[in-house]
Structure formats: C-alpha cells, structure tokens
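The values are calculated or read from the model by the stated rules, or taken from the named source; none is laboratory data. A quick note: this is a predicted structure, and the numbers were derived from the prediction, not measured. No Cβ is skipped: glycine too gets one built from the backbone with ideal geometry, and neighbour counts run over all protein chains shown.
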Amino acid sequence: MPQRHSKNNNDLAFFTYDEKRKLGYGTQRERLGKDSIKPFDVCSLCLKPFVSPLCCPKGHLFCKECILECLLSQKKDIHRRLAAYAAQQKQEREEEEEKLMEQRARRLDAFDRQNHGAVPHYDGGGAAAEGKSGGGGGGGFQGANSVKVTSYEEEALRNMKAFWLPSATPEAAAKVEAPCTATVCPEGKEKLKLKSLFPIRLTGLEGGTEYICPSCKVTLTNTHALVAVSTCGDVFCKKCAEEFVAADGLCLACNRACKARHLVPLQKGGTGFSGHDDRLEATDFKHLGSGSGLGLVRPATKT
C-alpha cells in the first residue's frame with residue numbers, strides 16, 4: 001500500500017512532475033553563475049584575454065590570430081565541400097550517360113529480336129545425323145538470339161536488391177548538397193568577410209589591467225553597455241557614445257569624424273545577476289525512454 005503523500009505516490013500510470021524532475025526528464029533549466037559568463041575583454045574563440053582584438057559588425061570580439069585561423073579553416077572546408085559536390089555532379093552525369101547508353105542498347109536489341117525472331121530454331125534431322133556420325137554440330141539453338149533474350153534477365157537477377165540478404169542490401173547514396181561559399185562568424189553565425197573586421201582600441205589604466213572609458217573615465221566592466229566606433233576602433237560606454245559621440249559626429253579620443261551608423265554595440269556575457277541581459281539561463285532537453293537509460297533509474301528518495 002503506497003503512502004498517501006503525492007510525492008511518494010509512484011503507482012500511477014503516468015509520470016508526475018516530481019518524478020520527472022528527479023529523473024531529469026524534459027527541459028532542464030539552470031541559471032548561469034559569474035564563472036560561466038564571458039568577460040567583455042575575452043576572445044570568443046580561445047576564451048583568453050584578447051591580443052590585437054578585431055571586432056565584427058555585430059560586436060563580437062576575437063583575437064586577430066584566432067579569427068584569421070577560423071576563417072582560413074572555413075575556406076579550406078568550403079573548397080573541400082565544393083570538390084565533393086563537383087565530383088558528385090560528375091558522377092551523376094556519367095551515370096545518366098550510362099543509363100542513356102543502356103536504353104539505346106536495349107532498343108537496338110529489341111529491334112534485332114523483332115526482325116530476326118526471338119523464338120529459337122531447331123535443326124532436328126541434320127543435327128541428329130551429324131550427332132550420329134560424330135560431327136561437332138549437335139541439335140540445339142541456332143544463332144545467338146537465345147543468349148540475348150536471357151542476358152537481361154540474368155543481369156536483373158544478379159543486380160536485384162534484397163533487404164533480407166546482407167550481401168544484397170540496398171544502400172542509399174550519400175547526397176551532397178550545394179555548399180555555401182560564404183564564411184560565417186563563429187559566434188553570431190552571420191556572413192562575415194575579412195575586410196568587414198575592424199580593430200578596436202581600449203583605453204587602459206597606467207600600470208593596470210583594467211580599462212576605462214576615454215570620456216567619463218569610468219572603469220569598464222560587464223555591467224556597462226559598451227560601444228565601439230568602427231572608423232577608429234575606440235571603445236566608449238553607451239551613455240557617452242549616445243550623448244557625445246553620436247551627437248557631435250566626432251570621436252572624443254582621436255577627434256576623427258564618425259556617424260551614428262559607425263557605432264557598434266559590443267556583445268558581452270552579463271554579470272549573473274537577475275534582470276541583467278537575456279542570456280543567463282542554460283537549457284537542456286532530455287528524453288525518457290527505453291534507449292536513454294533514464295527509465296531504469298529509480299527516483300531518489302528524500303531523507
């Protein structure tokens with residue numbers, strides 16, 4: 001007799017919410033902590049403090065060496081997939097030509113059988129006489145029409161696929177799709193070209209590893225929204241960029257002309273506190289079935 005408490009009731013025909021939660025079934029959510037969030041001055045590829053940083057038009061920061069190596073590897077992969085696609089197209093053309101040749105040969109054979117007759121002819125008397133006298137003739141089919149008639153049947157039986165025989169199981173050909181020839185940003189997955197990257201310059205404190213805004217001199221952290229100027233690469237806090245740089249059309253650090261469209265918001269990880277940024281929760285979906293192994297796990301009992 002099971003206990004009356006709902007959390008201990010495990011004789012139902014379906015999983016309760018508490019049982020699903022204990023088994024890890026469904027979508028599991030976990031809030032990210034500060035250690036799981038990338039600082040703003042870290043490369044998105046190597047996850048180390050960036051060296052000679054480059055920024056994409058969407059605001060993702062990379063080390064110069066890391067992003068160049070990434071784009072080069074993408075180019076090599078594109079060339080490899082293009083070669084595989086070209087080889088597949090060539091093979092398909094050859095198979096199509098071979099099918100056309102086979103169809104043409106079959107039409108010619110059908111025309112030959114129709115004109116010369118597909119019924120074999122016996123030479124009864126002469127063949128028997130030659131057989132008695134020891135001649136090499138012998139009664140049988142005349143001509144090669146009988147061989148032509150049965151050759152296609154034998155070939156069809158030889159090439160016939162059978163699901164119940166391992167040696168004759170049909171195999172689906174791997175279809176190679178036409179690859180995209182454009183390189184993409186490894187972080188934002190949008191199209192990215194090498195010439196669209198621009199270097200950034202962070203104003204640092206003397207003798208320290210922290211960075212400050214060139215205008216208001218505030219220390220830059222993940223709590224601040226940062227904006228980079230694509231024309232010169234200087235980085236400001238969002239408040240200074242909107243109130244001074246965009247309004248005056250001039251960079252406050254190098255006095256270089258710029259416009260509002262040249263301001264690129266930098267992507268950052270956040271702080272881990274509630275209400276900051278919208279990507280602070282990790283989700284993972286787990287199935288519960290015969291193949292997952294989770295169905296064999298007993299729910300943990302509370303002590």
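Cβ-Cβ distances below 8 Å connect no pair with a first residue in region 79-105 that is under 30 Å from Thr183 (Cα atoms), a second residue that is at pLDDT 90 or above and part of a helix (DSSP H, G or I), and a separation of six or more residues or different chains.
Quick check: anything in region 113-125 among the hydrophobic types (A, V, I, L, M, F, W, C), farther than 30 Å from Phe198 by Cα, exposed (fewer than 11 other Cβ atoms within 10 Å of the Cβ) and modelled with pLDDT under 90? Within region 113-125, one or more residues are among the hydrophobic types (A, V, I, L, M, F, W, C), farther than 30 Å from Phe198 by Cα, exposed (fewer than 11 other Cβ atoms within 10 Å of the Cβ) and modelled with pLDDT under 90. Residues that are surrounded by 10 or more Cβ atoms within 10 Å (Cβ to Cβ), in a loop (DSSP other than H, G, I, E, B) and of a type in the set (D, E, K, R) were ranked within region 171-193; the one that is modelled with the lowest pLDDT is Glu187.
Residues that are within 30 Å of Phe198 (Cα to Cα), at pLDDT below 80 and in contact with an Asp or Glu (Cβ under 9 Å, 6 or more places away or on another chain) occur at least once in region 17-37. When region 43-62 is filtered for residues that are without any contact (Cβ under 8 Å) to a residue 24 or more places away in the chain and within 14 Å of Val235 (Cβ to Cβ), only Phe50 remains.
If you scan region 14-33, which residues turn out to be among the basic types (Lys, Arg) and within 30 Å of the chain's Cα centre (by Cα)? Of everything in region 14-33, those that are among the basic types (Lys, Arg) and within 30 Å of the chain's Cα centre (by Cα) turn out to be Arg29, Arg31.
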